[in-house]
Amino acid sequence: MGLSGRHFLASTDCSAIEWHQLLDLAAAFKAGQARVHLDGKVLGLIFSKASTRTRVSFAVAMARLGGQTLDLNPAVTQVGRGELVEDTARVLSRYVDALAIRTFAQAELETYARFSSVPVINALTDLEHPCQAIADFLTLREAFGSLEGLTLSYVGDGNNVAHSLILAGVLLGVNVRLACPTGYGPDPAVLDRAQAIAGDGATVEVLADPEAACLGAQALYTDVWASMGQEQEAGQRLRDFSGYCLDQHLLSLADPEAIVLHCLPAHRGEEISAGVMEGKASRIFDQAENRLHGQQALLASLLGSGV
Ligand code: CP
Ligand code: NVA
């Protein structure tokens, strides 16, 4: 696979073929059919925001692959005291074999990548969450066998998670429909990019009406209304997103076999009802498990030899 030594900063850093290969490899890891040894390689974790799934799945994935992680939280390095990203990236990439970075600005991640001589992985920025998308489409593929022509409807905030679903989705031939309140739609630049790269006639539509968006869809997806860094807007957003809760009514409009996804963490009673979260259509905890298999596939592809 051609990912060896590359950065993974955005969903579009992989071609459609490479996305399919990543999903195949993730499925093989899950089935216990993939064997890759990273010979003690070290992944540095630079996390400026909280994380449960991403941090732990990277740590466990590296351990399972015979490597290890090093916690380089800015609060415990000189980054927290203002050392330049340009200098930090050049130094750290002489010690570690890859860096997984969770931060605010995509531009900061890109600066790390520009000055790093080892692969840099987007572990979530305000713009994208491409590692999440690996698990999301693996979960969807497990439910339906193939992705081509499926409709995934995302209800809520046009945020980082939505952006990665749009971009990876169109590369994988999935129709992505979004329902977002006015002013909370996805970044127009992401929509333009999606139109430009859409494969096999895959479409992206942004609607205001959640009912119209969910009609006949094979997957319903939502995420928090206030992302990390938007805590001060939470009250306003609670009002603005009224009517956008993924509940039993919206689920009843979807395909009878539809599955429900959420990247987690979730706020029951806000973006998703407790009933839908715990109901039989929910694949949310399989999806969370798939973060681990997805991370193994990504790390093996970037750092393994001959994958
Ligand atoms: N879904 C996700 O990225 O979760 P964490 O914030 O816990 O890593
Ligand atoms: N959109 C959320 C995703 C958390 C995994 C956030 O950025 O906080």
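Where a number appears in this text, it was derived from the coordinates with a stated rule and is not lab data. The shown structure was predicted, so the numbers you read here are calculated from the model rather than taken from an experiment. Note that we place each Cβ from the backbone using ideal geometry, even for glycine, and neighbour counts take in every protein chain shown.
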Item checked: Scan of the stretch 128-148 for residues that are surrounded by 24 or more Cβ atoms within 10 Å (Cβ to Cβ) and either over 20 Å from ALA162 (Cα atoms) or of a type in the set (Lys, Arg) (or both), ordered by number -> none
Next item on the list: Out of GLY201, GLY229, GLY235, GLY243, report the one residue that is away from ligand 2 (no atom under 14 Å from the Cβ), in a loop (DSSP other than H, G, I, E, B) and either among the acidic types (Asp, Glu) or closer than 19 Å to GLY158 by Cα (or both).
Entry: GLY243
Check: So which residues in the stretch 45-76 are more than 30 Å from ALA34 (Cα to Cα) and either touching a strand residue (DSSP E or B) at 6+ places or on another chain (Cβ under 8 Å) or within 11 Å of ligand 1 (Cβ to nearest atom) (or both)?
Finding: SER48, LYS49, ALA50, ASN73, PRO74
Next item on the list: Give the residues of the stretch 144-167 that are charged (D, E, K, R) and within 11 Å of ligand 2 (Cβ to nearest atom), sorted by residue number.
Entry: ASP157
Item checked: Hey, PHE29 buried (at least 17 other Cβ atoms within 10 Å of the Cβ), touching a residue at least 24 places away in the same chain (Cβ under 8 Å) and within 16 Å of ligand 2 (Cβ to nearest atom) or not -> no
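How many residues, within the stretch 246-280, are part of a helix (DSSP H, G or I) and of a type in the set (Lys, Arg)? Before the answer, list the steps.
Of the residues in the stretch 246-280, the ones part of a helix (DSSP H, G or I) are 248-253, 274-278.
Narrowing further to those that are of a type in the set (Lys, Arg): none.
Of the residues in the stretch 246-280, 0 are part of a helix (DSSP H, G or I) and of a type in the set (Lys, Arg).
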Checklist line | Residue in the stretch 106-118 that is farther than 25 Å from ALA28 by Cβ, surrounded by 24 or more Cβ atoms within 10 Å (Cβ to Cβ), within 16 Å of ligand 1 (Cβ to nearest atom) and in contact (Cβ under 8 Å) with a residue 24 or more places away in the chain present | finding: yes
Check: Could we say that VAL56 is part of a loop (DSSP other than H, G, I, E, B) and under 20 Å from ASP97 (Cα atoms) here?
Finding: no
Margin query: Can you say whether LEU167 is more than 16 Å from ligand 1 (Cβ to nearest atom), buried (at least 19 other Cβ atoms within 10 Å of the Cβ) and not β-branched (Val, Ile, Thr), as far as the supplied structure shows?
Written below: yes
Checklist line | Odd one out for THR125, checked against (1) within 16 Å of ligand 1 (Cβ to nearest atom); (2) in contact (Cβ under 8 Å) with a residue 40 or more places away in the chain; (3) surrounded by 22 or more Cβ atoms within 10 Å (Cβ to Cβ) | finding: (2)
Notebook entry, point to check: Can you name the residue in the stretch 191-216 that is closer than 23 Å to ARG237 by Cα and without any contact (Cβ under 8 Å) to a residue 40 or more places away in the chain and is also nearest to the chain's Cα centre (by Cα) among such residues?
Noted result: LEU191
